[in-house]
1. Within segment 240-277, which residues are in a loop (DSSP other than H, G, I, E, B) and within 30 Å of Ala12 (Cβ to Cβ)?
2. Of (1) out of contact with any Cys (no Cβ under 7 Å at 6 or more places or on another chain); (2) open to solvent by less than 20 Å² (accessible area, probe 1.4 Å), Thr39 satisfies all except one. Which?
3. Which of (1) open to solvent by 30 Å² or more (accessible area, probe 1.4 Å); (2) among the β-branched types (Val, Ile, Thr); (3) outside any loop (DSSP other than H, G, I, E, B) is the odd one out, the single condition Thr75 does not satisfy?
4. Return yes or no: is Thr174 open to solvent by less than 20 Å² (accessible area, probe 1.4 Å) and out of contact with any helix residue (DSSP H, G or I) (no Cβ under 7 Å at 6 or more places or on another chain)?
5. How about segment 232-289: which of its residues are touching a helix residue (DSSP H, G or I) at 6+ places or on another chain (Cβ under 7 Å), basic (Lys, Arg) and over 19 Å from Phe89 (Cα atoms)?
6. Can we say Pro177 is more than 15 Å from the chain's Cα centre (by Cα), modelled with pLDDT under 90 and in a loop (DSSP other than H, G, I, E, B)?
7. Restricted to segment 259-296, and to residues that are of a type in the set (Ser, Thr, Tyr) and open to solvent by less than 60 Å² (accessible area, probe 1.4 Å), which residue is nearest to Val181 (Cα to Cα)?
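The values are calculated or read from the model by the stated rules, or taken from the named source; none is laboratory data. It should be emphasised that the depicted structure is a prediction, and the values quoted were computed from it without experimental measurement. A quick note on method: Cβ atoms are made from the backbone with ideal geometry, for glycine too, and the neighbour counts reach across all protein chains shown. Just so you know, the surface numbers come from the protein's heavy atoms only, side chains and all, with ligands and any DNA or RNA stripped out. Shrake-Rupley method; radii C 1.70, N 1.55, O 1.52, S 1.80 Å.
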Amino acid sequence: MASKGKPSPRSAVKPLSDARVAELAKKHHLVDPMRDFPTGPNRKANIPEINAQNPKGTKRLLKGVDVVFNASCRTRAWGLDNIPETGPFITAATHVTMFDVFVPMASLFHMGRRPRYMAKAEMAKWPLIGKWFQIVGMQPVQRHSGKAKQIEETSIDILTSGRPLTVWPEGTVTRDPQKWVMSIKEGAAFIALESSRRLGRQVPLFCAATWGAASINHWWPWPKKNVVMCYDHQLDYADLLEDMDSWGEEPPAEAVETLKWRMFTRLNELLEEIRGEEFPKEGYWDYRTMKRVPLD
């Protein structure tokens, strides 16, 4: 079953201007996430994690990503110092284009971590790089397969084993015509809550919003476009874990729904800041109905 609708074209949004990047630079310390330890030399790489995830294959893929990004855009980021040096954590990232998924991936790799990441199984069949995706930590997701619980269990196992995990909560490229975060699925929230319950502590959850890649013409990417990512501070959901010992077999639906909307809200707030624009007053784009729906 194919995904519904098609992403809106590049013309639907304006490129991220130099002036906007300059404004962001006044408020935040912007760094180049496409180089090793962009936040400074005091960072320590997680060597056991690196050695456990095909270090040669990862290095080659990372080099290729760096070359492509440096040739087609000027990538900047802030908040990378929020990334933990050790232990499990979840990155919940925006998914505006197929291109922008590489920004949080490469940033985490350059910061010395090696997350596993949930990605649609079709990516494993892409020529050349599909195999590399699997080598460097891709966990294929068979969408519309009726295996949601199996996918969630695999994700939880990754976290409880001490590894970080990257997810795209929307489940596919946004269909919002203005390219805001559309309705997100419950999976990321469920995984965060259940893995926290099993570990007996709150698993760190970070929202990462990337903007600018939607304007890149991959057949002729010049002049270079600006791409900016914010790796946000930890999203707190400790209040939702207060009674986790009495949950039963799985987290309550109310807690999952609450955390889902916290992620949705924060991701769009980050996009608002990067873009310098306000989220549509008419509401959010609902993937089920393919219409804009008022926020409650």
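1. Scanning segment 240-277 gives Gly276, Glu277.
2. Only one criterion in (1) out of contact with any Cys (no Cβ under 7 Å at 6 or more places or on another chain); (2) open to solvent by less than 20 Å² (accessible area, probe 1.4 Å) is unmet by Thr39, namely (2).
3. Unmet condition: (1).
4. Answer is yes for this residue.
5. Of everything in segment 232-289, nothing turns out to be touching a helix residue (DSSP H, G or I) at 6+ places or on another chain (Cβ under 7 Å), basic (Lys, Arg) and over 19 Å from Phe89 (Cα atoms).
6. Taking the combined requirement at face value, the residue does not satisfy it.
7. Checked segment 259-296; the qualifying residue nearest to Val181 (Cα to Cα) is Tyr284.
One line per residue, one yes/no per condition, for (1) touching a Phe, Trp or Tyr at 6+ places or on another chain (Cβ under 7 Å); (2) assigned to a helix (DSSP H, G or I):
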site	(1), (2)
Gly5	no, no
Pro15	no, no
Asp36	no, no
Gly57	yes, yes
Val68	no, yes
Ala71	no, yes
Asp81	no, yes
